[in-house]
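The values are calculated or read from the model by the stated rules, or taken from the named source; none is laboratory data. Remember, predicted model here, so these are calculated numbers, not experimental data. Glycine gets a Cβ as well: all are built from the backbone with ideal geometry, and neighbour counts include every protein chain shown.
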Amino acid sequence: MDGTLQQLAVGFGHVFEPVNLMFLVIGIVLGLLVAVLPGLTLVMGVVLALPFTYNMHVIPAIILLTAMYVSGTYAGAWTSILFRVPGEPIDVPLLWDGYPMARKGDAAQALGWTLVSALAGGLVAATVMVLLAKPVAKIALTFSTPEYFAILFFGLASVVSLGGASLANSLISLFAGLLIATVGVDDTYGAHRFTFGVPLLSDGIDYLVVMVGAYGLGEVFLRLEQGFKSAPLEAVKEIKTRLPSLSEIWSRKMTFVRGSLAGIIIGLVPGAGATVASFLSYGIESQYGKRRKEMGTGIAEGIIAPQTAATASVGGAIIPLVTMGIPGSGATAIILGAFLLHGLQPGPQVFATSSNIIYAMFASVFVGIIIMCVIGYFATKYMVKVLEFPEVIVSAYVVMCCILGAFAARNNLTDVWLLVIFGVIGYLFERFRFPVTPLVLGVILGPLAESAFMTTMISFGNDWTIFFSRPISGTLMAVAIFTLIYPVIRHMRHQRKTLKSSK
Amino acid sequence: MITRLLNSKSIAVQLLALLAAGGATATATAQEKYPSRPIEFVVPWGPGGGADQLARKIAPGLEKELKVSLPVINVAGATGQTGLTKMLTSPADGYSISVLIADTLALQIDPATKWKITDIVPAAVMIQQPSAFFVAENSPLKTWKDVEAEAKKRPLKVGVTGFGSADDLHVLYFNGKGLQLTSVPFPKPSERYTAILGGHADLLYEQLGDVKSFLDGKQMRPIVIFAETRFPAFGNVPVSHELGHKIAISQFRAIVMKSGSDAARVKAVSDALARVAATDDYKAWLKDQYADEKSFVGADGAVAFMKQELDIMRQYAPKK
């Protein structure tokens, strides 16, 4: 224990060396930038940064990439909340409550909550990472494909039943999303599905065009119909940027705890990263949270749950990387690449052979989170003012961002057309009271769920009961199925009651 | 202030988009100096795997040789076909290159495979490595005999990269010998290694060099190496030939381009690769990866090499 803290102190010593601190700040800023741009995902950003670390020393290289990873889970929330354009798939759950909150004139508070959540989730996970790395790492090994599938199934199920929309409409929307996700070359057998001989379609439909189109463009189309307000949200001017008070935070402590735990555990398992953590945590909150009925209407809990989980997943994902050499997420897989390229092999032996590098990495997570939040705090002040702009101009800016994002993903104009198509679909969905969320959810989580399902079927001789007979997956599946059935039961009970009373 | 903020942000956005658009579909003429813009380097496997390590190892050297940047992009799925498809859907102008590994080439055995070997033109074979079956360090299966005995009682799960891959062919070969082995595809290396370490699979098919950290960390060990003679670093591990299984598909990784690319451009890439492969740094890396020190085959020999490998694979593949 003393040894751990001592080594952590040495790690902090490394991080505070001027050169390393500079790379940390660069990493944070790059991560924020990557997260804000919808066309560049966090993993892609870290991949793009990797070549620059070839000629660097190993410690600054690891610090740079770790810092990017940390801040990449945070800044996408800004665009989610302000423009309804998620900068990362991680941030989709953040717009469900964040954007309504901003529309109510509480953008500053929404951003404040994101900041506090990222800070809390990040620091809790980092502490677990340092103190409990070895015992906790074992959890990662107990999860296999049935558990991955159960986690994803729970994520899909819990969000479908959310909010005021009818269950039937939600399901239709979800299955449309799942269907869109099947387009392209299938991951397991390499079969071409719905490609119609079009080369681009065999590449699949990027979740990005669906996500950005249905939310970002869809919202702009909707406002176009309603007529833009020249000076929207008068209330914004009166509100000062403020962080939530301690008592406000304390009254939501369980949400923070649940979010952090979900983030750490999802971060640990190799099959899922920050995105799944964020979706799952929102799902958990909408099942067990104190204010579960109000989720989706713009309450703080809906921001805390996904954001704490997303940032907490960073600490979680680093644990199996350093203790076993298994990356817990896409970004840590790249960081593993950086380790290998510097001739360093993470695994049980690494604490003995290169503990200074590992502890420098640990320390950079702590320092990174704090610097990120400081930058975030000052950036927030100015960002909220964006809402004082005439809506027309903000919308034009949103459209530009969406188009650039769609094009940058694969350098292909067809994606821009797809974006427009999904924008129209998103608009029509909103217009005819079909929820957009399950559609996007299906597109993002569908392929992950499919591959987990297929691998399980192959691994267990097509025995579907395996999902229910393993303890972890069984529990998750049971909860998910109850979540799906409960609204139907409630509806039937309600009908019986009204029948009785009418008699 | 705000306007400035917005402007600087949107400029940053545009710059990034321009950077990203570097690999876009500009029409290239034969006279144009090649390469004059970044070359997209597709890795059809997840980050951290052998194909990825190769690309990340040689990309900086290639950048120095070709004097343009080579952003590495990981596009995993379908035994490398998702990434290969990405490369094949780009124009044949030499601005998109891809890693091709034996696993993906093995898919050619199935006539239903959408792409043909004639769709690609190899620039060079960069690395050839022996493969092995591994078990977790604490596995009850201690020797190859244990595996044979157990596989007659119950089906053993083998973690492989994907169906139809060289990994899968080894499994099919042993199926033909009466052993119950089941291929379970895990395209992401992290999931494949978790499967074996967590006891979710009984065996793992992998190249020695790819699991070096797990071997050094005493987390897993090879139980049989697929080769003709014993490998110096693992003198006490039997090889397939001495056990009477004459199967040893070399696990190679090559750099390929889309066929129809200008021959001079293929040569430019091939020559650059040859110079990278000749460096001491690369040779040391090969040794570190437990690879054949004479791994490199240039563009001239690579086509013949790949055809020959494919013939060997066909020989082991199940007859349909």
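Quick look at the values:
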| read-out | value |
| --- | --- |
| Helices (runs of 4 or more DSSP H) fully within the stretch A:1-82 counting 3 or more residues that are within 29 Å of A:Glu391 (Cβ to Cβ) and either out of contact with any Lys or Arg (no Cβ under 9 Å at 6 or more places or on another chain) or of a type outside the set (A, V, I, L, M) (or both) | A:18-36 |
| Every residue from the stretch A:172-208 that is at positive phi, at pLDDT below 80 and within 9 Å of chain B (Cβ to nearest Cβ) | A:Gly190 |
| Test: residue in the stretch A:155-171 that is within 14 Å of chain B (Cβ to nearest Cβ), in a loop (DSSP other than H, G, I, E, B) and either out of contact with any Pro (no Cβ under 8 Å at 6 or more places or on another chain) or modelled with pLDDT of 85 or more (or both) | no |
| Which listed residue is among the aromatic types (Phe, Trp, Tyr), within 14 Å of chain B (Cβ to nearest Cβ) and closer than 27 Å to A:Trp96 by Cα, from A:Phe422, A:Phe432, A:Phe407 | A:Phe407 |
| Qualifying residue in the stretch A:70-88 (condition: acidic (Asp, Glu) and surrounded by fewer than 20 Cβ atoms within 10 Å (Cβ to Cβ)) | no |
| Residue satisfying all of: in the stretch B:57-101; on the phi > 0 side of the Ramachandran plot and assigned to a helix (DSSP H, G or I); farthest from the other protein chains (Cβ to nearest Cβ) among these | B:Gly80 |
| Only listed residue being surrounded by fewer than 23 Cβ atoms within 10 Å (Cβ to Cβ), within 14 Å of chain B (Cβ to nearest Cβ) and touching a residue at least 60 places away in the same chain (Cβ under 8 Å), chosen from A:Leu413, A:Leu448 | A:Leu448 |
| Candidates B:Ala151, B:Ala51 - the one that is surrounded by 24 or more Cβ atoms within 10 Å (Cβ to Cβ) and either at pLDDT 80 or above or away from chain A (no Cβ under 12 Å) (or both) | B:Ala51 |
| Which numbered condition B:Glu191 fails, given (1) within 14 Å of chain A (Cβ to nearest Cβ); (2) in contact (Cβ under 8 Å) with a residue 24 or more places away in the chain | (2) |
| Entirely in the stretch A:399-503, the helices (runs of 4 or more DSSP H) that have 1 or more residues that are closer than 24 Å to A:Val92 by Cα and either in contact with a helix residue (DSSP H, G or I) (Cβ under 8 Å, 6 or more places away or on another chain) or modelled with pLDDT under 85 (or both) | A:413-431, A:437-459, A:471-502 |
| Qualifying residue in the stretch A:94-104 (condition: at pLDDT below 85 and surrounded by fewer than 22 Cβ atoms within 10 Å (Cβ to Cβ)) | yes |
| Filter result (buried (at least 17 other Cβ atoms within 10 Å of the Cβ) and part of a helix (DSSP H, G or I)) within the stretch B:281-298 | B:Tyr282, B:Trp285, B:Leu286 |
| Residues of the stretch A:311-348 classified as over 23 Å from the mean Cα position of the chain (by Cα) and either touching a residue at least 12 places away in the same chain (Cβ under 8 Å) or more than 9 Å from chain B (Cβ to nearest Cβ) (or both), total | 12 |
| Residue, modelled with the highest pLDDT, within the stretch B:171-194, restricted to residues that are out of contact with any helix residue (DSSP H, G or I) (no Cβ under 8 Å at 6 or more places or on another chain) and under 14 Å from B:Phe134 (Cα atoms) | B:Val171 |
| Verdict on A:Pro60 being at pLDDT 85 or above and either buried (at least 24 other Cβ atoms within 10 Å of the Cβ) or more than 12 Å from chain B (Cβ to nearest Cβ) (or both) | yes |
| The stretch B:210-235: number of residues that are within 14 Å of chain A (Cβ to nearest Cβ), out of contact with any helix residue (DSSP H, G or I) (no Cβ under 6 Å at 6 or more places or on another chain) and in a helix (DSSP H, G or I) | 6 |
| Restricting the stretch A:88-145 to residues that are acidic (Asp, Glu) and assigned to a helix (DSSP H, G or I), the residue that is farthest from the other protein chains (Cβ to nearest Cβ) | A:Asp97 |
| Scan of the stretch B:104-135 for residues that are under 19 Å from B:Pro187 (Cα atoms) and of a type in the set (A, V, I, L, M), ordered by number | B:Leu105, B:Ala106, B:Leu107, B:Ala132, B:Val135 |
| Test: residue in the stretch B:256-263 that is under 28 Å from B:Lys212 (Cα atoms) and either over 22 Å from the mean Cα position of the chain (by Cα) or buried (at least 19 other Cβ atoms within 10 Å of the Cβ) (or both) | yes |
| Residues satisfying the stated conditions in the stretch A:337-360, i.e. under 22 Å from A:Leu32 (Cβ atoms) and in contact with a His (Cβ under 9 Å, 6 or more places away or on another chain) | A:Ala360 |
| Test for B:Phe163: is it farther than 17 Å from B:Ile196 by Cα and among the hydrophobic types (A, V, I, L, M, F, W, C) | yes |
| Count of residues meeting criterion [at pLDDT below 80 and of a type in the set (Ser, Thr, Tyr)] in the stretch B:90-123 | 3 |
| Residue check for A:Val185: buried (at least 17 other Cβ atoms within 10 Å of the Cβ), in contact with a strand residue (DSSP E or B) (Cβ under 8 Å, 6 or more places away or on another chain) and over 27 Å from A:Thr465 (Cα atoms) | yes |
| Single residue of the stretch B:194-209 satisfying the filter (within 9 Å of chain A (Cβ to nearest Cβ) and in contact (Cβ under 8 Å) with a residue 40 or more places away in the chain) that is nearest to B:Ser240 (Cα to Cα) | B:Ala201 |
| So B:Phe231, is it over 22 Å from B:Val43 (Cα atoms) and either surrounded by fewer than 21 Cβ atoms within 10 Å (Cβ to Cβ) or not small (Gly, Ala, Ser) (or both) | yes |
| Where A:Gly298 falls short, out of the listed (1) within 14 Å of chain B (Cβ to nearest Cβ); (2) part of a loop (DSSP other than H, G, I, E, B) | (1) |
| Selection within the stretch A:6-25 - within 16 Å of A:Ile358 (Cβ to Cβ) and among the β-branched types (Val, Ile, Thr) | A:Val10, A:Val15 |
